[in-house]
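**Q** Please find one structure pasted underneath; my questions will follow.
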Amino acid sequence: MYIAAQSVIDTFINTLLNSPAQQQTASEMPNQRDEAPDDSHGDLPCLEKLHSPTGSPPTSSLSGLMELENCVSNLSLAHEIVVNEDFRFKPNSPPTESLEGRVSEIVHRAFWDSLREQLNSDPPNYDHAVILLQEVKTMLQSLLLPGHVRLRSQLDEVLDMDLIQQEVDHGALDLHRLAGYVISTMASLCAPVRDPEVRALRDLRAPVELLREIFRVLGLMKTDMVNFTIQSLRPHLLQQAAQYERAKFQQILDKQPASLDNTTAWLQAAESEEASAVSSRSESPGPDSRGPVSASAILIRAYMCLLHWDPQDQKYPETVLMDRARLDALGRRLEMLVLEASVLLLTKAQCGGTVFSLQGFVGMLT
């Protein structure tokens with residue numbers, strides 16, 4: 001039963017990773033942190049340590065690397081969905097001034113200009129328009145739920161590509177009629193937040209602008225569907241999260257045994273510090289007289305070390321990389337609280353109760 005659940009989760013995660021919205025999220029994934037640009041690959045568990053035997057073709061190594069990276073990506077995304085209630089996908093939109101943004105704008109403009117020339121020619125050339133209608137149909141079908149039997153049948157009937165091709169051959173294609181049906185279908189499927197954008201489509205008359213806006217709004221609707229699916233499946237992911245992550249880490253460890261070296265060093269250092277602390281509190285500080293160190297005490301000390309981690313001297317443990325951004329933020333908050341408490345204590349010691357009696361003084365200080 002668990003294996004089946006893991007397979008379902010993997011399928012769901014792979015679907016999200018292949019969605020058009022996979023590039024941007026409301027909260028950045030841990031392996032997209034801006035704080036360590038020089039260590040961009042460090043969030044993948046030692047992927048750079050993969051080596052192929054000398055003289056052997058790199059195919060097997062590359063295949064193993066891709067499989068390992070897919071495993072890490074699935075693990076990271078599933079973990080983020082579980083721990084971050086505000087996790088959302090957003091459509092991929094590169095910055096306008098970036099190279100990617102400029103290239104994307106040029107390519108899209110050239111595409112739509114070419115389509116405009118085809119539709120304005122005499123007689124009109126509908127070759128690309130038919131391809132776009134097929135893509136629109138596919139996108140609409142991806143938004144349908146299993147219960148939309150009648151709507152699916154109607155979609156196949158109205159957007160019958162064979163019939164549309166016959167209309168093109170006889171010069172009888174009515175793009176506005178088909179677009180009107182597409183817009184009506186979008187209105188019945190979209191979330192309420194998309195109603196104004198769908199209504200605005202009805203005011204467009206130029207076929208190129210109409211098709212372009214239909215694709216844009218359909219992209220937003222697919223993103224809404226992905227986020228709705230995430231919200232619906234989050235309770236099920238929560239039930240399987242621990243087992244799923246444990247299985248994924250085991251897969252990573254099986255493929256690359258050295259992938260948890262940093263975690264091993266991190267726990268060993270915590271164990272050594274805890275043993276020294278226990279020994280120093282003992283009446284007989286000799287190593288032979290101290291008792292066994294508690295595993296929970298080692299974990300507490302290890303996680304406390306993460307709150308004041310020095311990235312220059314230590315490599316971050318692989319098992320907590322997905323939560324590094326959260327732990328770093330918690331560490332900064334802890335430093336601020338310690339600083340505030342220190343200032344309050346010094347102020348109390350030097351000034352006594354005189355200053356603290358002033359209205360609003362503590363609030364202004366913190």
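The values are calculated or read from the model by the stated rules, or taken from the named source; none is laboratory data. These numbers come from a predicted model, not from an experiment. Here the Cβ positions follow ideal geometry from the backbone for every residue, glycine too, while neighbour counts run over all protein chains shown.
**Q** Here are some conditions: (1) closer than 30 Å to TYR316 by Cα; (2) surrounded by fewer than 19 Cβ atoms within 10 Å (Cβ to Cβ); (3) at pLDDT 85 or above. PRO196 meets all but one. Which one does it not meet?
**A** (1)
**Q** Also: Can you give me the number of residues within segment 97-123 that are outside any helix (DSSP H, G or I) and either over 31 Å from the mean Cα position of the chain (by Cα) or among the polar types (S, T, N, Q) (or both)?
**A** Residues flagged as outside any helix (DSSP H, G or I) and either over 31 Å from the mean Cα position of the chain (by Cα) or among the polar types (S, T, N, Q) (or both) within segment 97-123 amount to 4.
**Q** Could you check, for segment 186-193, whether at least one of its residues is touching a residue at least 40 places away in the same chain (Cβ under 8 Å) and not acidic (Asp, Glu)?
**A** Yes: one or more hits.
**Q** I want to confirm something. Restricting to segment 305-356 and keeping residues that are assigned to a helix (DSSP H, G or I) and small (Gly, Ala, Ser), which single residue is nearest to the chain's Cα centre (by Cα)?
**A** ALA325
**Q** Further, regarding this structure: Which of the following residues is surrounded by 17 or more Cβ atoms within 10 Å (Cβ to Cβ), out of contact with any strand residue (DSSP E or B) (no Cβ under 9 Å at 6 or more places or on another chain) and under 18 Å from ASN70 (Cα atoms): LEU220, LEU253, LEU267, LEU260?
**A** Exactly one residue qualifies, and that residue is LEU260.
**Q** Return the residue satisfying two criteria in turn: it lies in segment 295-304 and is more than 28 Å from the chain's Cα centre (by Cα) and without any contact (Cβ under 8 Å) to a residue 12 or more places away in the chain, and of such residues it is surrounded by the fewest Cβ atoms within 10 Å (Cβ to Cβ).
**A** Among residues in segment 295-304 that are more than 28 Å from the chain's Cα centre (by Cα) and without any contact (Cβ under 8 Å) to a residue 12 or more places away in the chain, the one surrounded by the fewest Cβ atoms within 10 Å (Cβ to Cβ) is SER296.
**Q** All but one of (1) among the hydroxyl-bearing types (Ser, Thr, Tyr); (2) outside the structural domain of ASN70 (by TED's automatic domain parsing); (3) in contact (Cβ under 8 Å) with a residue 60 or more places away in the chain hold for TYR244; state the number of the condition that does not hold.
**A** The one condition TYR244 does not meet is (2).
**Q** Could you check segment 296-317 and list, in sequence order, the residues that are closer than 16 Å to SER272 by Cβ and charged (D, E, K, R)?
**A** Result: ARG301, ASP313.
**Q** Check segment 73-88 and report whether any residue there is surrounded by 12 or more Cβ atoms within 10 Å (Cβ to Cβ), over 30 Å from ALA247 (Cα atoms) and in contact (Cβ under 8 Å) with a residue 24 or more places away in the chain.
**A** Checking segment 73-88: not a single residue is surrounded by 12 or more Cβ atoms within 10 Å (Cβ to Cβ), over 30 Å from ALA247 (Cα atoms) and in contact (Cβ under 8 Å) with a residue 24 or more places away in the chain.
**Q** Can you pull out every residue in segment 135-157 that is under 29 Å from the mean Cα position of the chain (by Cα) and outside any loop (DSSP other than H, G, I, E, B)?
**A** Listed by number, the residues that qualify are GLU135, VAL136, LYS137, THR138, MET139, LEU140, GLN141, SER142, LEU143.
**Q** For segment 158-181, how many residues meet the condition of being surrounded by 14 or more Cβ atoms within 10 Å (Cβ to Cβ), assigned to a helix (DSSP H, G or I) and aliphatic (A, V, I, L, M)?
**A** Qualifying residue count, segment 158-181: 6.
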